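A short worksheet on the structure shown next.
Only the coordinates and a few stated rules stand behind these numbers; no lab work does. Owing to the predicted nature of the structure, the values given are computational and were not obtained by experimental measurement. Positions of Cβ are generated from backbone atoms using ideal geometry, with glycine treated the same way; all protein chains shown enter the neighbour counts.
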Amino acid sequence: MSIQQAVIFATLLLTLVLFVAGRWRYDVVALLALMIVTLTGLVPPERAFSGFGNPAVITVAAVLVLSRGLQNSGIVDLIGERLLRLRGGVTVQLAALTGIVAALSAFMNNIGALALVMPVALQVARRRGVPNSVFLMPLAFASLLGGMTTLIGTPPNIIAASFRAQTGRPPFAMFDFTPVGLGVALAGLLFISLLGW
């Protein structure tokens, strides 16, 4: 093992330990890891912050801002109030929330769909007196399941379509994933809503 590989493994291990410990904020830990690999020469200084220009990072940041804006506007409270009026308790509310997230993530970024509904889920969990994890883990899985139903729902679908085009075959169309993806998504949502949580 070379010195560079040892530094990379040590940095990853340190980052993992600090993430798990939770004493420092995640952004501080990430910047510390960036500083270590930059100061050791593994990443050239001129490229140290190039990752912040990645569309995924910008999308996540924009979605979190949008989510906070929706929460401050009162829309989250309105949706939360309507969900709390649903009869059937946590199971029905969870089914409604996971259905909304799955439908949104079929046509937008999974993280974006999750970030839009997450404040509502936290509010419903708080008012119901249940742990946040009862809603958050099922929502995460629902966003992944919904993303499988369309071409733009998840990045791997887009990558598969572009690879297919490179082989000389026609690329996948928008709803070519739907026959299989929709069946898997519906089965997954039923499991999550009835048993999984």
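Set the Förster distance to 45 Å, then compute FRET efficiency between ARG169 and LEU32 from the Cβ-Cβ distance, nearest 0.05.
For R0 = 45 Å, the calculated efficiency reads 0.45.
When peptides 129-135, 19-25, 102-108, 181-187 are ranked by their average number of other Cβ atoms within 10 Å per residue, the highest-first order is 102-108, 181-187, 129-135, 19-25. Calculated on the alpha-carbon coordinates, the convex hull of segment 86-138 measures out at 65 cubic angstrom per residue. Ordering PRO156, ASN110, GLY88 by Cα displacement along the dipole of segment 60-160 toward the positive end leaves GLY88 in first place; charges were set at the Cβ atoms of Lys, Arg (+1) and Asp, Glu (-1). Hey, if you drop one equal point scatterer on each alpha-carbon of segment 125-197 and run the Debye formula without solvent, what base-10 log of I(q)/I(0) do you get at q = 0.14, 0.22 Å⁻¹? Here the Debye-derived log intensity ratios amount to -0.54, -0.90.
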